[in-house]
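One structure below.
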Amino acid sequence: MALTIYANTGTQDSELGTTGTEFTEISPANDDLIFTAGSNVVKDGEPIPSQSDLIQAGVILSGLEQTVALYLLADVSANELKEIFNMGNENKRYVMAFDFDGATASEPVLELWDDSDLDSIDGTTLGAGVPSSSWWRGITTTSGLPGVNWVGSRLAGSGSGYFLQLNDGNGALSGADTLYCQLKIVIPASATVGGSATPVFAVKYTSN
C-alpha cells in the first residue's frame with residue numbers, strides 16, 4: 001500500500017484528478033512548504049531562492065496577530081516555487097491531498113514535529129513545547145468545506161487534539177481513497193522571536 005501526497009497549485013477548488021485542476025506531487029525527501037510575505041524573487045513561478053532571499057521575504061512581526069496569506073511549494077524537481085493558492089484562511093476544500101492506493105488498518109493522521117525523529121515540538125512555530133501555543137492550524141476537509149474564517153486545530157506533536165484525523169474520525173480506509181486537509185499559520189501578537197522554521201509533517205497509519 002502506497003501513499004502519494006499532493007498540493008493543489010492551481011486556483012480551482014476541485015478534487016484530485018478533476019479536469020482543469022493542477023495538483024503537484026510532493027517529494028517528502030526533497031520538497032518544502034514555505035510560508036512568507038513574498039517578494040520579487042519569492043513568488044509563484046520563480047526559481048527556488050536562497051536562504052537569504054527567504055529570510056528577507058519573511059513575515060515581519062508587528063505586535064498584532066497575523067494570519068499568513070502566502071504559501072508556496074518549493075518543487076525541487078522543477079526548481080520552481082509554486083503557489084498553493086487556496087491554502088490559508090480560505091473556505092477551500094481541496095488544498096492538500098493524501099492519495100492512498102489501498103486499504104489501511106488504522107485511520108491516517110497528520111502530525112507536525114521539529115525533525116524526522118518525531119520526538120520534539122520545541123520549535124517556536126510549534127509553540128516552543130506547548131502545543132496549545134502552536135502557530136500552525138489545520139482542519140480535515142475530506143468530508144466538506146472548512147467554513148469561512150475556519151479555526152481548526154492547533155498542530156504540534158501527537159497529543160490529543162493537536163493532530164488531524166484525515167478521514168474525519170471515520171476510521172481506517174476500506175480501499176483506495178483520497179483524503180484532504182487545509183492549513184494556515186496564525187502568528188500570535190505575543191510573538192517576538194523570528195527566524196527560519198522547518199517543522200516536519202508526518203502522515204502516520206498502519207497497513208494490513
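Quick notes on this structure:
- Residue within region 131-140 that is crowded, with 18+ Cβ neighbours inside 10 Å, of a type in the set (S, T, N, Q) and in contact (Cβ under 8 Å) with a residue 24 or more places away in the chain present: yes
- Single residue of region 27-54 satisfying the filter (part of a loop (DSSP other than H, G, I, E, B) and among the polar types (S, T, N, Q)) that is nearest to E90 (Cα to Cα): S39
- The single condition among (1) modelled with pLDDT under 95; (2) touching a strand residue (DSSP E or B) at 6+ places or on another chain (Cβ under 8 Å) that E90 does not satisfy is (1).
- Some residue of region 5-15 being among the acidic types (D, E), in a strand (DSSP E or B) and under 20 Å from the mean Cα position of the chain (by Cα): no
- Contact map, region 39-66: first residue touching a residue at least 40 places away in the same chain (Cβ under 8 Å), second residue part of a helix (DSSP H, G or I) and surrounded by 15 or more Cβ atoms within 10 Å (Cβ to Cβ), Cβ cut-off under 9 Å, separation 6 or more or different chains; the map is empty.
- Residues (surrounded by 20 or more Cβ atoms within 10 Å (Cβ to Cβ) and farther than 9 Å from S132 by Cβ) located in region 158-168: F163, L164, L166, N167
- Complete set of residues in region 16-26 that are assigned to a strand (DSSP E or B) and in contact (Cβ under 8 Å) with a residue 40 or more places away in the chain: F23, T24
- Members of region 91-106 that are within 14 Å of S14 (Cβ to Cβ) and among the charged types (D, E, K, R): K92, R93
- Boolean, V42 is of a type in the set (V, I, T), over 13 Å from the mean Cα position of the chain (by Cα) and surrounded by fewer than 20 Cβ atoms within 10 Å (Cβ to Cβ): no
- Looking only at residues in region 50-71 that are under 21 Å from G10 (Cα atoms) and surrounded by 17 or more Cβ atoms within 10 Å (Cβ to Cβ), the one that is nearest to the chain's Cα centre (by Cα) is Y71.
The rows are residues; the columns are (1) closer than 25 Å to K204 by Cβ; (2) touching a residue at least 24 places away in the same chain (Cβ under 8 Å); (3) of a type in the set (A, V, I, L, M).
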position	(1), (2), (3)
V68	no, yes, yes
A74	yes, yes, yes
G102	yes, yes, no
G127	yes, yes, no
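Okay, residues lined up against (1) modelled with pLDDT of 95 or more; (2) in contact with a helix residue (DSSP H, G or I) (Cβ under 9 Å, 6 or more places away or on another chain):
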site: L166; (1), (2): yes, no
site: G175; (1), (2): yes, no
site: C181; (1), (2): yes, no
site: I185; (1), (2): yes, yes
site: A191; (1), (2): no, yes
site: G194; (1), (2): no, yes
site: A202; (1), (2): yes, no
site: N208; (1), (2): no, no
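- Subset of region 122-137 (residues that are among the charged types (D, E, K, R) and at pLDDT below 95): D122
- Those residues of region 180-192 which are more than 22 Å from L72 (Cα to Cα) and of a type in the set (V, I, T), in sequence order: T192
- Filtering region 55-69 for residues that are assigned to a loop (DSSP other than H, G, I, E, B), in contact with a Leu (Cβ under 8 Å, 6 or more places away or on another chain) and among the hydroxyl-bearing types (S, T, Y) leaves an empty set.
- Residues that are of a type in the set (K, R) and in contact with a Phe, Trp or Tyr (Cβ under 9 Å, 6 or more places away or on another chain) number at least 1 in the following strands (runs of 3 or more DSSP E) confined to region 84-173: 136-140.
The values are calculated or read from the model by the stated rules, or taken from the named source; none is laboratory data. What you see is a predicted model, and the numbers here were worked out from it, not measured in a lab. Don't worry about glycine lacking a Cβ; one is built from the backbone with ideal geometry, like all the others, and counts go over all protein chains shown.
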